[in-house]
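Every number in this text was worked out from the coordinates using simple rules, so none of it is lab data. None of these values were measured; they are calculated from a predicted model.
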């Protein structure tokens, strides 16, 4: 009888944690050392796999929010880190975004949004302002971002045409959240017809809302969302309310989220690499895991990793101090 009870307990424990592949002492190799850096964040790998944009800070993080300047890492047998001559940016869960062929990228700074030509390695300020959150449409023609500084007590979700250099549409949302604001995540749907964004227009909660690009219609997807990222085909988000907490998936054209994993002890998400993988972070516990949207498995990243992304091969790039390390694919 005792053996049966023990076996049942072991089975239940295994079932509870089977979704999370435990971290191991994976061998690590240093990809690059960024000069004068003490902290690297916002790691974004080009779909081609030959370039990485990230932010570099000369100081160790003090609290949740850091600031740093953009750095280009050219991935090769002798990788090189090249700081870009642009203003600093805050660590606000908005990594640089690449177009589908990896030839152009966009990133936030305290001055606004810069475009980056990867072949010429030239950066240019294209949108000025106090901005947050950043997403690029699947066809590479539109940017979405939050304008935090031009509408008084409102934040303005804006769609910008990068070809005509003009605003296409915007939505004003009141700021009613009374706590600290960290993360203004935005994602386009795979067909580019809608935006998904966390908003601060509700007291005590940060809802996830869908904004229709053409008609302007707004729909609430979840009453309380703390993380948002896109895969190749779906939108993923973390629902934080106690009764239904977990990782959720929203398929193409769907308004009914599907629970993917629960419990899910992470509080932010970031799309990575070719968008097959999503980086999940627990910012308070300093834990990171990689979610594979094809196999639906969650693999933890080794201890001491401060930020992470995935290469096209599935290898994990993680930062510690001023260095980028590579761990083999699982």
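Descriptive notes on the structure:
- Histogrammed with a bin width of 10 Å, the alpha carbon distances of the stretch 86-229 distribute as 11, 45, 35, 9, 1 percent, first bin at zero.
- GNM result for the chain, Cα springs below 10 Å: residue of 268, 313, 48 fluctuating most strongly: 313
- Semi-axis lengths (Å, descending) of the ellipsoid that matches the C-alpha gyration tensor of the stretch 252-330: 23, 15, 10
- Distance histogram for the stretch 54-154 (every C-alpha pair counted, 5 angstrom bins, percent rounded to whole numbers): 2, 12, 22, 23, 20, 13, 6, 2, 0, 0, 0
- Among 36, 283, 154: highest mean-square fluctuation, GNM of the chain, C-alpha pairs under 10 Å: 36
- Directionally averaged projected area (convex hull, Cα atoms, the stretch 27-327), nm²: 14.4 nm²
- Relative contact order computed over the chain (Cα-Cα under 8 Å; 6+ residues apart), in percent: 15 percent
- Percentage of interatomic Cα-Cα distances in the stretch 226-286 larger than 17 Å: 36 percent
- Eigen-decomposition of the gyration tensor built on the alpha-carbon atoms of the stretch 168-307 gives equivalent ellipsoid semi-axes of 24, 18, 13 angstrom, largest listed first.
- Structure remark: mean-square fluctuation, Gaussian network model of the chain, C-alpha springs under 10 Å; the largest value among 276, 284, 320 belongs to 284.
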